[in-house]
Amino acid sequence: MLVRFEHVKISFGAAEVLEEASFQIDPGERIGLIGRNGSGKTTILRLIAGQIAPDAGTIVRSAQLQISYLEQLVHGESNATVFKAAEGVFSGLLSQEREIELLTHRLSDPAFDGMREPDSVRLSDLLHQFELRGGYSFRARTEAVLMGLGFGRSDFSRPCEEISGGQMNRLNLARLLLGEPNLLLLDEPTNHLDLEAVAWLEDFLQSYPSAFLVVSHDRYFLNRVVRRIFELENGRIQTYSGDYSSYHRQRQLRIEQATKAYGQQREWIERTEDYVRRNIAGQKTKQAQSRRKMLAKVERLEKPSDSEESARFDFHVTLPSAHRVLEIEDGAIGYGETAIVKGIELKLFRGERYGVIGRNGSGKSTFLKTICGRLKRLSGAWIPGERVHLGYYDQTLENLNASNTVLEELRLLAPLATDGELRSFAARILFKGDDVFQGIESLSGGEKSRLSLAKLICQHPNFLLLDEPTNHLDIASREALEEALTEYDGTLLVATHDRYLLEQLVSRLLVFEDGKMELFDARYSEYVKGSSAAPSLLPEDTKMKGSKDEGKRGVRLSLADVPKTETETARGVRKPGTNRERQRVQDLARLEDEITKLELELRDLEERLSDSTNYSDPSQIKSLSETYQSLTEQLRRLYDEWAALEREEA
């Protein structure tokens, strides 16, 4: 036994985080800890590490327990380099190494007049201990761990104060892994890792000889590294044997059995209560009294719940885009005048959905930011389609104003909505009651993510750019997002290291590597099997739902194979040889002009409606709102007519 919790309770204010939690961690165990955002997972890690004490109950720790906790910060001088900070874990070996060098130098000095024999004995003992403790391999191990977690050799000499927050987190993880305690506590270790680094960490933990407890919402990661699951729900710990997939099956079976037992008990209670009511004053009063006493002693079963309420996302497209959404010819992206990716070629059509993958720093986020105009396009032709309404999710969550409350942030998107309407919408993303008055600055990462996604929903985009949308979400919220995006009928580019999301949503990939972007017409699992460069990351027994975007599988996508749009065909390759076809082409052009004109009018109205100086005149606001609704209806009718013509056979 390493650690044992016995009826542990802890509360923060009025919120009870743990209620009678009991479990044990034994040497060599591989445990995944899962639960909702805010359910108390990090609190359990801090209790195990001794950073906080429980309000009640007992935590028993083995005398041999050695803990390393991922949230520990790098210690040492501010000017320490990345490599020095990492190898600082081996302080004992470094101290021995310095003493060995000193003794070796002293004994080899002909001018030394001291006692050679004691120094020789001491040197011999030190060399033996140094070898037994891995003194001749610790630097190679340090290098291997750093490189496995995504550091290049050029990073080794960089001062720690110059590296990014994500790199600092990876450095902390490297130090923790190198320390080799008998219990590792890992809190979301994959959050700042690319797919390659995640694969390396999975391989490392699979061969790790000691115990670890990992908090993670990455279901593939849990499938590969854990053999036991602790689920934290409503302040209680439920344990399951096996990986995440096994947990999921066992949990469903447990809920079914508990539901059946609850139903049977309720039926028995109702029958018994009815018997007591009918016989308490009759000839069978003694039997009725006996049964009433028996009822009072029965421990009532709680009604089982399949899960707590999940967030509800719905990315509804109001006005579809034209068939061609975006075309890039010989594009280059980067920062300033420095290109990090060149020669980008892409034709993106309505309804297509691509996963964007590659190492950290390969250009994935830069690509999305360049498409949406947040970064300058360095070169090439970037041709947007008509009626493209773009929505962008930034993994840094910079679109939220920290000084606003949740309600104020939602009102920016719907200035005419009532408080009741906004609060009803907020409840769909799990902000209920007074939650809507919370300051954004005080929200957790998961809460900020849900709010950012809700803002996207309000915009009704027909082209979504998502940069690591699941990073801060718990498993239930990830599943809700996956379901919503599966039903989304717009165009999608999603950069993510969430392999469940990739496999669920996309059947084509944009792969960023070595300053280039390549297109693959394949699911992620098929790409992994067919590419020697791709990390083998998918458990073979995991079955995913089909993607909406079904296409040819496992072949590199050739631009020559991409079909022309209907409009392109009508105007170009297909020769309008009939009067009807010529009329169709003319009507399409006319409708597109009218739609463009209406969209400009609507954009102007939106700016006037969002101008707070107009709020002083209610009649003006009402008039603008009615005009806006009228133009929106006209635009919908025009688009329906345009779509019907576009689909029409020549």
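General observations
- The criterion of being surrounded by 12 or more Cβ atoms within 10 Å (Cβ to Cβ), among the acidic types (Asp, Glu), modelled with pLDDT under 90 and under 30 Å from Phe212 (Cβ atoms) does not hold for Glu99.
- Of Gly380, Gly361, Gly373, all but one fail to be assigned to a strand (DSSP E or B) and within 27 Å of Gly515 (Cα to Cα); the exception is Gly380.
- Residue in the stretch 180-194 that is in a helix (DSSP H, G or I), farther than 23 Å from Ala49 by Cα, of a type outside the set (A, V, I, L, M) and at pLDDT below 85 present: no
- Selection status of Lys260, in a helix (DSSP H, G or I) and under 41 Å from the mean Cα position of the chain (by Cα): yes
- Enumeration of residues in the stretch 457-504 that are in a helix (DSSP H, G or I) and over 16 Å from the mean Cα position of the chain (by Cα): Ile457, Cys458, Gln459, Thr486, Glu487
- Where Gly242 falls short, out of the listed (1) modelled with pLDDT under 90; (2) over 19 Å from Lys41 (Cβ atoms): (1)
- The residues of the stretch 223-249 that are part of a helix (DSSP H, G or I) and closer than 30 Å to Ala56 by Cα amount to a single one, Tyr247.
- Just one of (1) in a loop (DSSP other than H, G, I, E, B); (2) over 30 Å from Ala644 (Cβ atoms); (3) of a type outside the set (Gly, Ala, Ser) fails for Ile340. It is (1).
- For the condition within 32 Å of the chain's Cα centre (by Cα), hydroxyl-bearing (Ser, Thr, Tyr) and more than 26 Å from Gly179 (Cβ to Cβ), Thr239 qualifies.
- Just one of (1) at pLDDT below 85; (2) among the small types (Gly, Ala, Ser); (3) under 30 Å from Ala589 (Cα atoms) fails for Gly530. It is (3).
- Residues located in the stretch 155-168, provided they are in a helix (DSSP H, G or I) and surrounded by fewer than 19 Cβ atoms within 10 Å (Cβ to Cβ): Asp155, Glu161, Glu162, Gly165, Gly166, Met168
- Set Thr318, Thr259: member being surrounded by fewer than 17 Cβ atoms within 10 Å (Cβ to Cβ) and modelled with pLDDT of 85 or more: Thr259
- Among the residues of the stretch 181-219, those identified as polar (S, T, N, Q) and crowded, with 22+ Cβ neighbours inside 10 Å are Thr190, Ser216.
- Selected residue (criterion: modelled with the lowest pLDDT) from residues of the stretch 123-173 that are under 17 Å from Ser362 (Cα atoms) and among the hydroxyl-bearing types (Ser, Thr, Tyr): Ser164
The values are calculated or read from the model by the stated rules, or taken from the named source; none is laboratory data. Here the structure is a predicted model, which is why all the values come from computation and not from measurement. Cβ sites come from the backbone with ideal geometry, for glycine too, and all protein chains shown count toward neighbours.
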